[in-house]
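Novice: Supplied in C-alpha cells, the structure appears directly below.
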Amino acid sequence: MTDITLLLVDDHPVVRDGLRAMFTAAPGFTVLGESSSGVEAVDLALNLDPDVVLMDLRMPGGNGVDAIAGLARRGSRARVLVLTTYDTDTDTIPAIEAGATGYLLKDAPRDELFAAVRATAEGRAVLSPAIASRLVSAMRAPAAPAEESLTAREREVLTLVARGTSNREIAAEMFISEATVKTHLSHVYGKLGVKDRAAAVATGYDRGILGRP
C-alpha cells in the first residue's frame, strides 16, 4: 500500500519537528517537506505534490486561509487538513470556505490525527461536531422557506458522510452503486443549500438531521 505523503506547514519549528517525528515513526506516512509560511507552502505543495497538507492558520509571511485558497486557485491536488489551536468562527469558517477538507485542533490525540490524515487523503470531511457547529452560520441555505425534507435514503447517506465514510464505502454499506451515492449527495446538497460534504455535515447538525453536536 502506498504511503500517504505530507507537507507540514507551521511557523513553529518545534511543532514541525514533533509532527515530522510522529509521522516518520508511524507506518503508512511519508513527510515530503516543511514550510513556515503560507506563501512558501503553496509553492512547495505545487513542487512536491503531497497528498495532504497539514496547515496551521496564523503564521507570519502568509496565513493558512490565503494558502488554502491559493492551492485551490493554482490547481493543487493536495487536500488540506487544518491543524491549529484556534477554533473560533473567524478561524474555522474562512478555512472551510477556502477549501480545507478538514479542521482539527492541535490537542487531538495521535491516533485521531492519523485517522484524520487518512480520511483527508481520501477526500472525506474531517469535522468534529463541535467544529461543525461553528460553521453553521455560514453554511445555512440562503432565503429558502424551510428546507425540503430529506428522504430516508438521503438522511442515511448524510449520516454516513458525517462519520467520514467514503462514497465507495457508502455504496457497499447501502448496496447501491457509487453513481447512486453521488446522486443522493447531489440531492442533499441542493436541499440543504450547500456545495460540499463539510458544509452538508455542518448544516445537518444545525438542523437536527444528524442529532445534536
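Readers should treat all values here as calculations from the given coordinates under stated rules, not as data from a laboratory. Treat the numbers as computed from the prediction; the structure is a model and nothing was measured. Every residue, glycine as well, gets a Cβ built from its backbone with ideal geometry; the counts of neighbours run over all protein chains shown.
Novice: Kindly express, to the nearest 10 degrees and within the range 0 to 90, the angle between helix 110-121's C-alpha long axis and the longest C-alpha principal axis of the chain.
Specialist: 70
Novice: Which value in nm describes the separation of the simple spin-label points at R74 and T151, placed 7 Å from the Cα toward the beta carbon?
Specialist: It is 4.3 nm.
Novice: Let me ask something additional. In degrees from 0 to 90, rounded to the nearest 10, what is the angle of the helix 64-73 Cα long axis to the longest principal axis of the chain?
Specialist: 70
Novice: Find the all-direction average of the projected area of the Cα convex hull for the stretch 166-213, expressing the result in square nanometres with one decimal place. Walk me through the intermediate numbers first.
Specialist: On the way: hull surface 13.6 nm².
Spelled out: convex hull of the Cα atoms, projected over all directions, averaged, 3.4 nm².
Novice: Still on this structure, please answer the following. Amide H neighbours of T30 under 5 Å, counting only residues 5+ apart in sequence or on other chains, H built in-plane at 1.01 Å?
Specialist: Correct list: I4, T5, L6.
Novice: Using square roots of five times the C-alpha gyration tensor eigenvalues, list the equivalent-ellipsoid semi-axes of the stretch 4-123 in whole Å, biggest first. Present the calculation step by step, with values, prior to reporting the outcome.
Specialist: Working: eigenvalues 68, 50, 39 Å².
In descending order the semi-axes read 18, 16, 14 Å.
Novice: I've got another one for you. What do you get for the angle between helix 13-25 and the principal long axis of the chain? Use alpha-carbon atoms, 0 to 90 degrees, nearest ten.
Specialist: Orientation of helix 13-25: about 70 degrees from the principal axis.
Novice: So, one more: Please compute the length gained on full extension between K195 and N47, using 0.36 nm multiplied by the number of residues separating them and subtracting their Cα-Cα distance. If you can, show how the numbers build up before the last one.
Specialist: Numbers: separation 148, 0.36 × 148 = 53.28 nm, distance 2.88 nm.
So the extension gain works out to 50.4 nm.
Novice: Add -39500 (n - 2.57) for each DSSP H run of 4 or more in the chain, then divide by its residues: what number comes out at 222 nm, to the nearest 500 deg cm²/dmol?
Specialist: On the way: 10 runs with 111 residues, N = 213.
It lands at -16000 deg cm²/dmol.
Novice: Also: What number do you get for the stretch 22-89 when its Cα radius of gyration is normalised by 2.2 N^0.38 Å, N = residues? Before the final figure, lay out the partial values.
Specialist: On the way: Rg = 12.0 Å, N = 68, 2.2 N^0.38 = 10.9 Å.
Compactness ratio reported: 1.09.
Novice: What FRET efficiency comes out for E173 versus R20 if R0 is 35 angstrom and r is the Cβ-Cβ distance? Round to the nearest 0.05. List each step's numbers first, then the result.
Specialist: Values: r = 36 Å, r/R0 = 1.02.
After rounding, the FRET efficiency stands at 0.45.
Novice: Counting only C-alpha contacts under 8 Å and six or more residues apart, can you give the relative contact order of the chain as a whole percent? List each step's numbers first, then the result.
Specialist: On the way: 358 pairs, mean separation 32.1, N = 213.
Relative CO of the chain lands at 15 percent.
Novice: Hey, another quick one. On the first, second and third principal axes, largest extent first, how far apart are the outermost C-alpha atoms of the chain in Å?
Specialist: Principal extents (largest minus smallest coordinate, Cα): 49, 38, 32 Å.
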